[in-house]
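Here is the structure we will look at.
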Amino acid sequence: MSCPQLQVRPQAMKLPVDVLSEVLDFLPEDEVHPFMSVSRLFYLASARRIYSSLVLFDLNQADGCLETLSLNLTLAGLVRKLCMYLPKPVSSAFETKLRSALLSVAPGIVELDLMIAEFDTSSHLPQIECPWLKNLSIRCPLGPSIVAFVRAQADHLEDLTLVVIDPPPPSSNESGLRGWDTEITMPALRRLTGPVDAMPIFLAKSPRVLELALEQQGDNIQVTTNEELASLLSMPFPLTSLALSGLPAQRFSAFSLVHQKFENLVKLKVTTSLEIAQSGAQFDLILPHLPNLRELVLYFRRQESSRLTSNFLNEEHVFVSHLSKLRESLCKCTLPSLTSWGRLKASGKWVPVVTTAEGIKWILDAALLLRPLQLNIFRTMTRLAAELENQDPAPGSDTQIQTVHRLASTSRKMALSIGYIINRAYSLPPASLPDEDPEAYLGPGLYMEQPQKTVLDLKGNERKPYEHFHCERAFAPELSDRTKWDVVFSTVGIAAVSAAEEIALEYQNEDFSVPAEPIIPVLEEWQKEAAGVVLDLMFNSSLGLTGIKVANYFRNPGDCWGKRHMVTTFNSAWAN
């Protein structure tokens, strides 16, 4: 009789923590927390995801988090990024927790961002060593504490941002020390942002700086002459990005003294108190000395947010056109309205890179198509409404069925009225199908055609109107291809006739019930290019598609647009 075999239960395979962490990276942070209670393995993977990057805006949340980091060195060792943006003053107890937490996270911290109101964070830093720190942003006085801390991290610090608060009183230890404001050698530094008077300390011996932001902070004028600014900007580094904030307008002539230092500059940011109409003179002094400038970002201090109107866009267009005359290489501008302007790839004309109704209307207006589109849409819809109002068919009659059909096909009528304008503007032949001949069911005097202008999909392939295209939304497959294309072109029309009150004032003397052949101007090539951007945008945004890639339509030297997309939806096309 044989003895029974002893069965050994195979040990369950365990995924490494690194693999679990990568899986959890795909989940939103609020969905990761429950996994911490599943098992010890999931606890470690979840904790690594949650504590690797801490961004704190709430004082109570920050207080609890700092206490945890002070007491739990395991969790503190997972922190690679710690950012605190606290607008309210903190207590002495909070300061104690902050000091302890900074000591705990210092061995592994890579990015440290401490923006705390009315608090000198730098006083807690000199005792701390951060061997892996690459990015530092801090709000503090410019004094020996922050200088000593930066000096200790000088070999590996790549990005330094200083927001300087009021200096300590002359009697304090912070201002009484001597010799702290000497030059620091920072071989790894790539980006530096701070006040002008901090630059000689951190910039003079940092030969690899590529991005520099100079800020005139407070009311004291730190740079009094063009020669002082020229001396500061003449450091031996090949800048690619420069930001200027709060400098007096007359200081910009310093660029003529050191223009040879900016041959590699491709991006310029300027913050000024001048209005856009007054700031042109500043750039007359700057741009001639920046031969390879591609991108300009302009901010105005105390700029009140305003609705994006056609007048505002017109003013900005005049401004960017003036800039490109000064510097032909310029191809991207971001202006105080936060509107980005780009230059069309073929023609180089400036158009706003926006997807609101006002932006779309501005482009169509620049292409001389807005007014013809509006007039033809209004006349078509007015005639259609009149036909329906004059008919009172008996129940069940063919006329009533036709009436229901007409009500259900409003988007098609709008698409056909747009098609006539687009076809004539692009010199395309008429293409009305027999059952869509407007005279067949609405009488003479209407100008409607099926659009013939091809569009480009996201891959750059030409698509003929009214052919099949795949849609992402769940309901889209239920629509016929004909209906999908009607939606595409009708969104152009809805955007064109948005802001009905303004349009009503503009056309208050027009009688849309009177037939009139649309007057369509002969378009230049750049106008066809601009209108093509709108049509491609509407096609690639309709029914769940992902919009267009900006770099495919606008000049993009050095990949300045990156992966940016333009996308609009049926609901937001006229929401501005």
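Annotation: of all residues in the stretch 355-404 being part of a helix (DSSP H, G or I), more than 30 Å from His565 (Cα to Cα) and of a type in the set (A, V, I, L, M), the one that is modelled with the highest pLDDT is Leu375. The residues of the stretch 467-481 that are exposed (fewer than 12 other Cβ atoms within 10 Å of the Cβ) and either modelled with pLDDT under 65 or in contact with a Lys or Arg (Cβ under 7 Å, 6 or more places away or on another chain) (or both), listed by number, are Ala474, Phe475, Pro477. Got at least one residue in the stretch 527-547 being surrounded by fewer than 17 Cβ atoms within 10 Å (Cβ to Cβ), closer than 19 Å to Pro352 by Cα, of a type in the set (Asp, Glu) and touching a residue at least 40 places away in the same chain (Cβ under 8 Å)? No. Being among the aromatic types (Phe, Trp, Tyr) and at pLDDT 90 or above is a property that does not hold for Tyr441.
What residue, of Lys88, Lys81, is closer than 27 Å to Leu192 by Cβ, within 33 Å of the chain's Cα centre (by Cα) and among the basic types (Lys, Arg)? Before you say what the answer is, go through the steps one by one.
Details: Lys88 fails: closer than 27 Å to Leu192 by Cβ.
So the residue among Lys88, Lys81 that is closer than 27 Å to Leu192 by Cβ, within 33 Å of the chain's Cα centre (by Cα) and among the basic types (Lys, Arg) is Lys81.
I need a count of the residues in the stretch 207-224 that are in contact with a strand residue (DSSP E or B) (Cβ under 7 Å, 6 or more places away or on another chain) and either farther than 21 Å from Thr272 by Cα or modelled with pLDDT under 80 (or both). Walk me through it before giving the result.
Looking only at the stretch 207-224, we keep the residues that are in contact with a strand residue (DSSP E or B) (Cβ under 7 Å, 6 or more places away or on another chain), and these are 209-217, 222.
Next, only the ones that are either farther than 21 Å from Thr272 by Cα or modelled with pLDDT under 80 (or both) stay: 209-210, 214-217, 222.
Residues meeting the conditions: 7.
Applying the condition of being assigned to a helix (DSSP H, G or I) and at pLDDT below 70 to the stretch 233-251 and asking which residue is surrounded by the fewest Cβ atoms within 10 Å (Cβ to Cβ) yields Gln250.
Give the number of residues within the stretch 514-541 that are assigned to a helix (DSSP H, G or I) and over 13 Å from Leu456 (Cα atoms).
Step one: filter the stretch 514-541 for residues assigned to a helix (DSSP H, G or I), giving 525-541.
Next cut, over 13 Å from Leu456 (Cα atoms) only: 525-528, 530.
Total meeting the criteria: 5.
Checked against (1) surrounded by fewer than 21 Cβ atoms within 10 Å (Cβ to Cβ); (2) within 24 Å of Leu75 (Cα to Cα), Ala152 meets all criteria but (2).
Screening Pro291 with (1) assigned by TED's automatic domain parsing to the domain that holds Ala230; (2) not in a loop (DSSP other than H, G, I, E, B) gives one miss only, at (2). Taking the criterion of being farther than 11 Å from Asn376 by Cβ, among the aliphatic types (A, V, I, L, M) and surrounded by 10 or more Cβ atoms within 10 Å (Cβ to Cβ), the only residue of the stretch 515-526 that qualifies is Leu523.
For Glu227, the criteria (1) exposed (fewer than 13 other Cβ atoms within 10 Å of the Cβ); (2) part of a helix (DSSP H, G or I); (3) modelled with pLDDT under 65 hold in every case but one, which is (3). Within the stretch 323-344, the only residue that satisfies the criterion of being at pLDDT 95 or above and more than 22 Å from Leu265 (Cβ to Cβ) is Leu344.
Taken over the stretch 542-574, residues that are in a loop (DSSP other than H, G, I, E, B) and either of a type outside the set (Phe, Trp, Tyr) or modelled with pLDDT of 90 or more (or both) amount to 17.
The values are calculated or read from the model by the stated rules, or taken from the named source; none is laboratory data. Since we're looking at a predicted model, the values are computed, not measured. When we count neighbours, we look across all protein chains shown, and the Cβ atoms used for this are built from the backbone with ideal geometry, even at glycine.
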